[in-house]
Amino acid sequence: MSSPARPITAATRVIALLGDPVAHSLSPITQNAAFQDAGLDGVYVACRCTQAELPGLLRGLALAGGGGNVTLPHKEAAAAIIEARSPAVRRTGACNTFWAEDGVVHGDNTDVAGFRRAAEQVLGAPPAGTRVLVLGAGGAARAVLAALLDGGAEHIAILNRTLSRAQAVASRVGDRRVHVLASASGLDTERFDLLVNATRLGLSPDDALPLGLERVGRVGAILDLVYGMHETALVGEARKRGIPAANGAEMLVAQGAASFELWWRQRAPISAMRRALEQAVAPAVAASVAPGTATQGA
Ligand code: NAP
């Protein structure tokens with residue numbers, strides 16, 4: 001049973017999501033549920049803003065005692081605005097969480113911790129020694145790479161529509177375990193423990209699959225970072241083939257919990273966050289949120 005809603009007062013901390021667009025974000029739902037469950041005097045709102053507006057909003061919120069998250073397309077700009085950068089921000093060049101301490105604006109990238117947790121859940125173990133195929137080379141892929149490399153993955157192949165972007169991501173990381181693929185040809189003889197979809201494909205039910213699974217020799221598990229109001233086509237395809245798979249809902253909850261802990265310096269009520277998300281999204285999506293319920297093939 002959650003606590004009754006607290007009134008907004010002059011002491012209420014304002015935590016805001018900054019990005020464009022923000023209207024469809026589920027973070028206000030999960031974070032306000034968490035604030036309420038923990039009995040905290042805070043409110044989470046979403047502010048659509050331009051890159052020119054970002055520095056003033058970000059610094060102003062943080063220095064006024066609040067904080068926030070940053071989403072597309074401003075995560076890289078945010079990394080340049082904050083004054084104290086976490087190792088995850090330095091590693092990825094992106095910041096998704098900010099707050100202030102002693103007048104200094106701090107930032108972290110909790111997508112890294114969020115992905116780590118979701119990957120461990122679908123793999124059933126940390127990624128040490130695994131072979132992973134990452135589709136996509138945008139901001140999310142950078143967080144994926146950082147988490148996989150830190151987690152001891154043995155071999156990471158990146159395949160992206162725009163080859164030069166994959167090459168840029170790989171050279172930024174500069175680790176011999178990361179390999180860029182120019183195309184999907186030859187994957188039919190390869191074995192991967194985990195396939196990660198870090199492209200945008202799957203956001204719309206009409207999207208093509210990011211990669212036909214028949215093109216890969218063997219895949220042990222699939223983590224689709226995309227989440228929404230429907231089961232993604234990739235998760236559906238994995239289910240048909242008996243491959244354990246999950247969508248991005250657990251990563252969303254886990255990165256949000258990590259942000260909560262940076263703002264409030266206390267453990268996040270992760271069950272309350274999952275519950276709020278389950279109530280907000282369709283049953284097919286919610287089914288992959290709870291621990292140990294990665295969808296198994298029929
Ligand atoms: P991004 O920086 O804009 O990158 C988008 C990626 O998708 C790029 O690799 C892009 O390839 C690829 N792409 C876009 N349209 C494509 C198409 N038609 N065909 C093939 N590839 C296409 O976005 P991002 O921040 O990395 O986010 C990627 C996905 O991860 C989004 O769906 C986002 O919602 C999800 N995400 C989920 C979480 C979570 O907590 N679950 C967290 C972060 C992100 P090009 O380089 O060729 O353009």
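Things worth noting here:
- Per residue convex hull volume, Cα atoms of the stretch 47-159, in Å³: 106
- Dipole magnitude of the chain, debye to nearest 20 (Cβ charges: Lys/Arg +1, Asp/Glu -1, about Cα centre): 320
- Nearest 10 degrees, 0 to 90: helix 270-280 Cα axis against the chain principal axis: 80
- Helix axis angle, 111-123 relative to the chain longest principal axis, alpha carbon, degrees: 50
- For the stretch 8-69, alpha-carbon Rg relative to the globular expectation (2.2 N^0.38 Å, N residues): 1.11
- Normalised by 2.2 N^0.38 Å, where N counts its residues, the alpha-carbon radius of gyration of the chain equals 0.99.
- Range in the chain, longest, excluding exposed GluC sites (Glu not before Pro) [loop by DSSP; at most 15 other beta-carbon atoms within 10 Å]: 155-298
- Helix 163-173 axis, angle to the chain major axis (alpha carbon atoms, nearest 10°): 60
- Potential lengthening of the chain between Glu261 and Glu120 amounts to 48.8 nm, from the contour at 0.36 nm per residue minus the alpha-carbon distance.
- Among beta bridges from DSSP that stay inside the chain, the antiparallel ones total about 20%.
- Å³ per residue enclosed by the Cα convex hull of the stretch 112-249: 96
Every number in this text was worked out from the coordinates using simple rules, so none of it is lab data. Predicted model only: the values in this text are computed from it and were never measured. Glycine gets a Cβ as well: all are built from the backbone with ideal geometry, and neighbour counts include every protein chain shown.
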